[in-house]
Amino acid sequence: MERELFDKPLKIDTRPLWLILIDRSARYQVFAGLIIVCAILFRLTPPEGLSAAGYHALILFGATIFLWISGLLPIAVTALLSMALLPLLGIMEAKKTYALFGNEAVFFIIGAFILAAAMTGTGLSARLARAMLARFGKTPRSLALTVFLLSAILSFCMSEHAVAAMMFPVVAEIGTSLGLERGRSRYAKLLFMAIAWGCIIGGIATFLGGARAPLAVGMLREASGLDYTFFEWTVAAIMIVAPLLVIGFLLLILFFPPDIAGVDEGLRFLNRKRLETGKMGYGEMTVAAVMVVTIACWMALGKEIGLANIAILAMVALFVFRVVSWQTIEEYVNWGIILMYGGSIALATALEKTGAALWIVERGLGAFSPSPLMVIAVISLVSILLTECISHAAVVAILMPIGMSLAKSLGMDLRVMTLAIALPAGLAYCLPMGTPATAIAYASGYLRGKDIIIPGALVMAISWLLFMAAAIFIWPLIGLNI
């Protein structure tokens, strides 16, 4: 990822003062209204079968969802606010609440983010991208396929939004060198959509493509003591990822057939950039070696040593070999997301421990007795639709407490329920707000809204069907029974 991509200029609101005041007044009114509604609800008697702590946890949960969806507060601030209110409202003791921030999943995410920051900060990931594109992108279709597969493969071991941000300037330069016209060139649309879909599909394959999986597994561990190894998760997810990579690229070619004859100018640009960067330096080679060893240890020793312990040891190795500085890490790591995970795990645990999540499930199942397959179908569909509107991690934080209690009440495998929530939560294709990868591709100026929404709706439906097929026919073969 190019460092200048993160140099964000100070944003100054240039609107007239009266418009600014009206906008802020409306926000204050919404906040005041939310506080009043919550205060009234707190004064009411808890429903039958629900403890006072559980009732208060539900109110706090609803207020948190409202703030996440509305965007009135940053998602990390909202999560921390809910965490602070848990002991203040008597829902859970302060010692237990803040101890949950030390969940293994949080520290795994910190280590994974720092490893990804080292790859981008040293230029290793950008070098890999240029080398692969120059080596395999000899024709328009092969170049687009290479962009697609490279985005997916990099998302196996880096956060998908980091991959999209790294690939964006490379593909943008290719588009400029080829003289692709904004808003008209089908090939430009193909290249940028290849980034978005590659990152989205590849991002669910491992624990490293996004923090949804570690967050969900952390909640699973807190609720039941069950766990997933790095290898087990990847095996379950790859059953969906592999066919999606084939189907996804075929759909991209169908919607955006290349309208240029050759890509010679683009290849010359890539080769020129490769010459400018020279040979791999000490930092890049060291980071590459550390990443290979770390992923191998996650797969072979993750259960014995612990994923978080391996991630932290790998992070320490980067500093021991002096290939990164703390200033670089601070620049590339999204600390707000990490704070959000700690708060979300605490809130989800409160819902589970107070019985609030179980109470919701019992009320929801009161009118009918759904089969486990129907439950998996519905909750995965809700997850994939909800993630078009709010953060992937927020979807996991909202659905996991309810899903865990629902699975327990029906005698389902809690590990399957975790997959049913976390995997679809990463498959948002239709709206720029759904995932940073789509937003970055849309920001190129080559795409219009319908270019994203129509193909996205189709591939989202196919993704859900593939998920259900894997859950019914493939997962039982590896011991994951609905």
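The values are calculated or read from the model by the stated rules, or taken from the named source; none is laboratory data. Not measured: the values here are computed from a predicted model. Note that we place each Cβ from the backbone using ideal geometry, even for glycine, and neighbour counts take in every protein chain shown. In case anyone asks, the SASA skips ligands and DNA or RNA and just uses the protein heavy atoms, side chains included. Shrake-Rupley method; radii C 1.70, N 1.55, O 1.52, S 1.80 Å.
A few notes on this one:
- Assigned charges on the beta-carbon of Lys, Arg, Asp, Glu; region 238-365 dipole about Cα centre (debye): 220
- Alpha-carbon centroids, region 407-468 and region 171-197: separation in whole Å: 23
- Of the options (i) 82, 27, 18; (ii) 38, 25, 24; (iii) 36, 26, 19, only one is semi-axes √(5λ) of the Cα gyration tensor in Å as computed from these coordinates, and that is (ii).
- Its Cα gyration tensor gives region 217-262 an equivalent ellipsoid, and the semi-axes of that ellipsoid, as √(5λ) in whole Å with the largest first, are 39, 10, 8.
- Distance between region 53-105 and region 224-275 - C-alpha centres, whole angstrom: 37
- Pairs beyond 29 Å (Cα-Cα), from LYS189/LYS279; LYS138/LYS279; LYS95/LYS408: LYS189/LYS279
- Membrane-span-like helices in the chain, defined purely by DSSP H runs whose alpha carbon atoms cover 24 Å or more axially and whose average Kyte-Doolittle hydropathy reaches 0.5, are 17-43, 52-70, 104-121, 140-157, 160-177, 186-203, 230-255, 282-305, 335-353, 392-410, 449-469.
- Seen from LEU154, the other residues with C-beta closer than 13 Å to its C-beta sum to a net charge of +1, counting Lys and Arg as +1 and Asp and Glu as -1.
- Exposed loop positions in the chain were taken to be trypsin sites (Lys or Arg not before Pro) whose DSSP state is not H, G, I, E or B and which have at most 15 other beta-carbon atoms within 10 angstrom. Between these positions, the longest stretch is 12-137.
- Summing charges over all other residues whose Cβ lies under 15 Å from the Cβ of ALA346, with Lys and Arg as +1 and Asp and Glu as -1, gives 0.
- Spin-label model, VAL292 to LEU254: label points 7 Å out along the Cα-to-beta-carbon direction sit 4.0 nm apart.
- Accessible area per residue, Å², region 116-160 with all protein chains present, probe 1.4 Å: 31
- Region 137-168 and region 318-344 have Cα centres lying 24 Å from one another.
- Dipole in debye (nearest 20) - the chain, about Cα centre, beta carbon charges: Lys, Arg +1; Asp, Glu -1: 700
- Positive end of the dipole of the chain (Cβ unit charges, origin at the Cα centre): among MET132, GLY183, ALA223, the Cα lying farthest that way belongs to GLY183.
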